[in-house]
Amino acid sequence: MPYNIGFDTSRVPVVLVWGGATLVAGFFLGFVGNLLWQGLPHLSWQFLTTDSLDAGRQGGIAPIIVSTGFILTVCLVVALPIGLGTAAFLAEFTTKDGKWGRFIRRSLDVLSGVPSIIFGLFGNALFCHVLGLGFSILSGGLTLACMVLPLLIRITEEGFRAVSHDYRLTAAALGCSRTSTLLHVLVPLAAPGFLVGVILSLGRAMAETAALIFTSGYVDRMPESLFDSGRALSIHIFDLSMNVPGGDRNAYTTALLLVGCLIMLNGLVTWLTRHWVRQRLGVA
Amino acid sequence: MNPSSALNREPFLGLSSQKEMGITPCITAEQLTLTYGERAAFQNVSITIPRGAITAIVGPSGSGKTSFLMCVNRLTDLLSSCRVSGRLLVEGEDILSKEMDVLHLRQRVGMIFQKPNPFPFSIRKNLEFPLKEHGVKNPEAINGRIHQALTDVGLWQEVKNRLDAPAQTLSGGQQQRLCLARALVLSPTILLLDEPCSALDPLSSGVIEDLVLSFRGRYTVVMVTHNLAQARRLADCVGVFWYHHDGGHLIEHGPVRQIFESPRDPLTVSYINGRKG
């Protein structure tokens, strides 16, 4: 007589999969819902365009937004050319199994797993002290550039590798040099992949706190130059929630703004991957 | 393909007749061998390809036909672990020598691939890009050469009003003609065609075949094809590659009539009769 445990066991995987998916979706909705509930009533044009008062309890976050913008700009200005150049070198001038390429890739993989606080300490030692930049937007941006480069390079390299080899053969058969093929044919074709890498890096940089605590500092005044200390959005949230009693309301509102930006960036990546990348690479 | 153009043509002279008539060889391979690591793609190939003629390279897959073609413009340089030995003269010049200017060689030796592969640019930029690469900067000269190349492949009338449209909007046959124009715009003397019709419908194939026929005498054409009927229709000379256990070999070559009507090698006989390959 067959053993009967009383319920249909074939349903277990289905229940587990649906249960897991529902749990994740529920967590996300709860998380965003809570942010909206706490932050949305205070989010206003005035909040975005006025100075921070009373250690951030009152007023807005205009200097924080400007500082964040400057830090991200420094990060991108440094990371983009280095990221594109290294990715092009890895994809076009090294083989996947070559010693040099393998060494760089292994190093990038290790670097991308390093906790951001270590990057913060490294940035503090190198940029703030050795190079004498002190706690500044420049130090913060440069540290973030070091942090996002591994991710940016690997995504961009994959973008280059996704370009059909036929284009390389065709350009070579026309007597075009490798440099010219790279600049005129491969870079435009790999551009969508590069842009996806840039946006993901931007998202990671925007959400970063630990690396900036030691480098760009806490000052919530409007920065006047890149050598001024500046407070990023994530640090503002951290400071208001941990160090400023009564700062929760503005912390929630800032967090809502930050999460909103990150969701928009993720949406942009999804759209780019679905449309532009596939179209450029001729994927149906 | 216009049948009359193929059937009514005079066969190109045989190799012995070429010498008698003073016709110069264009490509000469002597004991040419290509290996990928330990594996030989083809071995000890010796062949003379006459100037201005259409030479078809036929044979089963894996016998080294495309690899041979890629030696002629040194595209093999791009393939990792690929090594070429022997001698290969193109218009009297040893192209395997280290001093060879490979970029200039590829300007003289155009190549068309199996699948049409225009760059994801406009029609105009597809032709402009290689010209600028080879130092043609004058806009009038560029426009003149674009016009000439597109006219030569019969595409000018079809695209003259949409030169700035993306090349990908053209049909497969038009794209292959654009690729042909892109090679012709550099004024090559030799054209390497690697199964240029295999990805096209019969009508588009016919158009390409007519074009290839029109190239006789103006360009030295070396065409890899799996289509024996096409080789018979178009070629003046035919080389038959065959795969042995130690890699590809050129088992026979000669004028088209000899290969198809009185082949010497038993494998060639089996191949053209459809019993092997």
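Listed by position, the helices (runs of 4 or more DSSP H) enclosed by segment A:160-258 include none that has at least 2 residues that are modelled with pLDDT under 90, out of contact with any Pro (no Cβ under 8 Å at 6 or more places or on another chain) and of a type in the set (Asp, Glu). Of the residues making up segment A:190-210, at least one is within 14 Å of chain B (Cβ to nearest Cβ) and not small (Gly, Ala, Ser). Restricting B:Ile49, B:Ile112, B:Ile95 to residues that are away from chain A (no Cβ under 14 Å) and not aromatic (Phe, Trp, Tyr) narrows the list to B:Ile49. Quick one: is B:Arg182 within 14 Å of another protein chain (Cβ to nearest Cβ) and among the charged types (D, E, K, R)? Judged against the criteria, B:Arg182 is a match.
Of the strands (runs of 3 or more DSSP E) entirely within segment B:27-119, those holding at least 2 residues that are over 22 Å from B:Tyr243 (Cα atoms) occupy B:82-90, B:109-112. Scan segment B:117-135 for residues that are within 12 Å of another protein chain (Cβ to nearest Cβ) and of a type in the set (A, V, I, L, M, F, W, C) and jot them down. Across segment B:117-135, the qualifying residues are B:Phe119, B:Phe121, B:Leu127, B:Phe129, B:Leu131.
Can you go through A:Arg231, A:Arg221 and tell me which one is more than 14 Å from chain B (Cβ to nearest Cβ), in contact with a Ser or Thr (Cβ under 7 Å, 6 or more places away or on another chain), farther than 21 Å from A:Gly267 by Cα and not aromatic (Phe, Trp, Tyr)? A:Arg231 is the lone residue from the list that is more than 14 Å from chain B (Cβ to nearest Cβ), in contact with a Ser or Thr (Cβ under 7 Å, 6 or more places away or on another chain), farther than 21 Å from A:Gly267 by Cα and not aromatic (Phe, Trp, Tyr).
In segment A:148-165, what residues are within 14 Å of chain B (Cβ to nearest Cβ) and farther than 27 Å from A:Leu72 by Cβ? Those that are within 14 Å of chain B (Cβ to nearest Cβ) and farther than 27 Å from A:Leu72 by Cβ: A:Val163, A:Ser164, A:His165.
Using the structure shown, decide if A:Gly113 is closer than 18 Å to A:Ser234 by Cβ and within 23 Å of the chain's Cα centre (by Cα). No, not satisfied. With respect to B:Glu158, determine if the residue is part of a helix (DSSP H, G or I) and either touching a Phe, Trp or Tyr at 6+ places or on another chain (Cβ under 9 Å) or charged (D, E, K, R) (or both). Criteria met by B:Glu158. Search segment A:166-186 for residues that are more than 7 Å from chain B (Cβ to nearest Cβ) and touching a residue at least 40 places away in the same chain (Cβ under 8 Å) and pair each with any residue that is in a loop (DSSP other than H, G, I, E, B) and buried (at least 20 other Cβ atoms within 10 Å of the Cβ) when their beta-carbon atoms are under 7 Å apart and the residues are at least 6 apart or on different chains. From residues that are more than 7 Å from chain B (Cβ to nearest Cβ) and touching a residue at least 40 places away in the same chain (Cβ under 8 Å), the pairs are A:Leu186/A:Val163. For the residues B:Gly144, B:Gly86, B:Gly173, the requirement of being on the phi > 0 side of the Ramachandran plot and more than 10 Å from every other protein chain (Cβ to nearest Cβ) singles out B:Gly86. Can you confirm whether segment B:119-140 contains a residue that is within 21 Å of B:Tyr219 (Cβ to Cβ), at pLDDT 90 or above and in contact with a strand residue (DSSP E or B) (Cβ under 9 Å, 6 or more places away or on another chain)? No, every residue in segment B:119-140 fails to be within 21 Å of B:Tyr219 (Cβ to Cβ), at pLDDT 90 or above and in contact with a strand residue (DSSP E or B) (Cβ under 9 Å, 6 or more places away or on another chain).
With respect to being surrounded by 18 or more Cβ atoms within 10 Å (Cβ to Cβ), over 21 Å from the mean Cα position of the chain (by Cα) and among the acidic types (Asp, Glu), A:Asp248 falls outside the description.
The values are calculated or read from the model by the stated rules, or taken from the named source; none is laboratory data. Just so you know, these numbers come straight off a predicted model, no measurement behind them. No Cβ is skipped: glycine too gets one built from the backbone with ideal geometry, and neighbour counts run over all protein chains shown.
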